[in-house]
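Q: I have a structure here, written as structure tokens, and I will follow up with some questions on it.
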Amino acid sequence: MGYIMDLRKTVGSRPLIMAGACVLLLQDHRLLLELREDNGCWGLPGGSLEPGESMEEVAKRELYEETGLLAEGLELLGVFSGQELYYKYPHGDEVYNVVAAYVCSRYSGEIAEDGQEVKELRFFGLDSLPDSISPPDRPIIQRFLEMRRELVR
């Protein structure tokens, strides 16, 4: 997150518009979530866009950095923004996230926590997700579950 950290040196904790991407990685109808170091909540692998990256590139990079897994295919779920993606980090930095969310069911590699941002990685059944979901990830996961229910109908 070099670009955002550099901006923070100038603007402090004031709200930034932060573009980024996340990945909903699926295995046997289970969703991979990470226990975040910063807020103690479960969330999706993802992070902020660096200058020159595409949204798909940031999704793949963040997935690899945080989980050790390489996405072999990504499908755009949607782009999320607005008030419900506002977030104030525990240390006080504020952001209005603009997030490209991707679904991934084809991947390779060995799962491994990064040891910095991620305390634990775990697959959860779609009907037994934890209650403590990181606030900016809630609307994304909710939309994903709604879309899956619509397909089943």
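No lab work stands behind these numbers, since they all come straight from the coordinates. Being a predicted model, the structure only gives us computed values, none of them experimental. Because the Cβ atoms are built from the backbone with ideal geometry, glycine has one as well, and the counts that use them run over all protein chains shown.
This table checks each residue for (1) under 20 Å from residue 29 (Cβ atoms); (2) surrounded by 12 or more Cβ atoms within 10 Å (Cβ to Cβ); (3) of a type outside the set (Asp, Glu).
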| position | (1), (2), (3) |
| --- | --- |
| 96 | no, yes, yes |
| 108 | yes, no, yes |
| 114 | no, yes, no |
| 148 | yes, yes, yes |
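Q: Tell me which residues, restricted to the range 19-63, are among the charged types (D, E, K, R) and part of a loop (DSSP other than H, G, I, E, B).
A: Within the range 19-63, 28, 37, 38, 50, 53 meet the criteria.
Q: Okay, next question. Quick check: anything in the range 22-41 crowded, with 19+ Cβ neighbours inside 10 Å, over 12 Å from the mean Cα position of the chain (by Cα), farther than 14 Å from residue 138 by Cα and not small (Gly, Ala, Ser)?
A: no
Q: Just a yes or no: is a residue in the range 118-133 more than 23 Å from residue 29 (Cα to Cα) and either of a type outside the set (Lys, Arg) or in contact with a Phe, Trp or Tyr (Cβ under 6 Å, 6 or more places away or on another chain) (or both)?
A: For the range 118-133, residues more than 23 Å from residue 29 (Cα to Cα) and either of a type outside the set (Lys, Arg) or in contact with a Phe, Trp or Tyr (Cβ under 6 Å, 6 or more places away or on another chain) (or both): absent.
Q: Also, quick follow-up: Quick check: anything in the range 47-70 of a type in the set (A, V, I, L, M), closer than 17 Å to residue 118 by Cβ and over 13 Å from the mean Cα position of the chain (by Cα)?
A: The answer is yes; a qualifying residue exists.
Q: Let me ask something else. Among the residues of the range 64-88, which ones are part of a helix (DSSP H, G or I) and under 23 Å from residue 15 (Cα atoms)?
A: 83, 84, 85
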